[in-house]
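Asker: Take a look at this one; I'll ask things after.
The values are calculated or read from the model by the stated rules, or taken from the named source; none is laboratory data. Predicted model, so just to flag it, every value in this text is computed and none were measured. Cβ placement follows ideal geometry from the backbone for every residue including glycine, while neighbour counts extend to all protein chains displayed. Protein only, heavy atoms only, side chains kept; ligands, DNA and RNA dropped before computing areas. Shrake-Rupley method; radii C 1.70, N 1.55, O 1.52, S 1.80 Å.
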Amino acid sequence: MGKDLKTLLTNPLKELEVKNDKLVEVHKKLKEIAKELFNNYGIKCGNKIFRFAEIEFYYYKKKDWQEIWNIATYYRNKNAGELFFHYSGVDICFQSDSRNEFVGILIRSLVEVYKDETFVALHKGPMICANLMLNSCKNEMPLVLEKVKPLNYSEDMIQSDFRF
């Protein structure tokens, strides 16, 4: 079993400055986190379990010259591993130590799973995933579930790309 979620998402990039000459190291670290999430984590909503099918990492740092907040990025003050629902979907949050810099993971697609770990349905789209999670819960909020039955995504099965 891998790292617990709080450890996994607390300052994993702190030692790596997010600059063009360090993007390879940042990319490698985010890919490790993605592999851990896909293989060992899921989301519990009521009596349903969902596994990750597609996620998107994003990094935001307010520049000195910016006078206002980038309205395309949602500010949050959350702890590592907490869910953050917003107008575009739902994120899993990294630990945020500053209002001006944070990393998040947008949930883009989920797979619904039966108790015997067979896949039932693929749900695509960040808003569909957010609504599905909230509507599947009874009287509790969705939570990121650790120690689900491990899957075996190999390194080459996890595809990645940069977008600027």
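Asker: Any residue at all in the range 10-24 that's within 17 Å of N79 (Cβ to Cβ), modelled with pLDDT of 75 or more and out of contact with any helix residue (DSSP H, G or I) (no Cβ under 6 Å at 6 or more places or on another chain)?
Answerer: First, pick out the residues of the range 10-24 that are within 17 Å of N79 (Cβ to Cβ): 10-14.
Narrowing the set further to residues that are modelled with pLDDT of 75 or more leaves 10.
Cutting the leftovers down to out of contact with any helix residue (DSSP H, G or I) (no Cβ under 6 Å at 6 or more places or on another chain) gives us 10.
Yes: the range 10-24 contains one or more residues that are within 17 Å of N79 (Cβ to Cβ), modelled with pLDDT of 75 or more and out of contact with any helix residue (DSSP H, G or I) (no Cβ under 6 Å at 6 or more places or on another chain).
Asker: Any residue in the range 36-55 that is over 26 Å from N139 (Cβ atoms) sitting within a Cβ distance under 7 Å of a residue that is of a type in the set (D, E, K, R) and at pLDDT 90 or above? List the pairs, counting only those 6 or more apart or interchain.
Answerer: What qualifies is E54/R108; I55/R108.
Asker: Next question. Which members of the range 41-73 meet the condition of being open to solvent by less than 20 Å² (accessible area, probe 1.4 Å), modelled with pLDDT of 75 or more and within 15 Å of the chain's Cα centre (by Cα)?
Answerer: Matches in the range 41-73: Y41, G42, I43, F50, R51, F52.
Asker: What number of residues within the range 86-118 are at pLDDT 85 or above and open to solvent by 10 Å² or more (accessible area, probe 1.4 Å)?
Answerer: 7
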